[in-house]
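Colleague: If you scroll down you'll find the structure; I have some questions about it.
The values are calculated or read from the model by the stated rules, or taken from the named source; none is laboratory data. In this text, all values refer to a predicted model and were calculated from it rather than measured experimentally. Heads up: the accessible areas ignore ligands, DNA and RNA and are worked out on the full protein's heavy atoms, side chains in. Shrake-Rupley method; radii C 1.70, N 1.55, O 1.52, S 1.80 Å.
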Amino acid sequence: MENEVLTQTRIVSSQQTWRSQGGLIQQVGLGDCSIIKNISVKWPSAEESILS
């Protein structure tokens, strides 16, 4: 899987209802990958965070 780009998209809202737990923590799966080089997070403000 070297040099393969995997994309996951999530929409996270801070709105809560009386039944929700309201957590903003997100988990992503890596599929069959055992090593990753970096993770890119694109924020609604158009900023991008790259975690290496």
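Colleague: Based on this model, can you work out whether Ser49 counts as modelled with pLDDT of 80 or more and not in a loop (DSSP other than H, G, I, E, B)?
Modeller: Yes: the conditions hold for Ser49.
Colleague: So which residues in the stretch 1-43 are open to solvent by less than 100 Å² (accessible area, probe 1.4 Å), of a type in the set (Ser, Thr, Tyr) and at pLDDT 75 or above?
Modeller: Ser40
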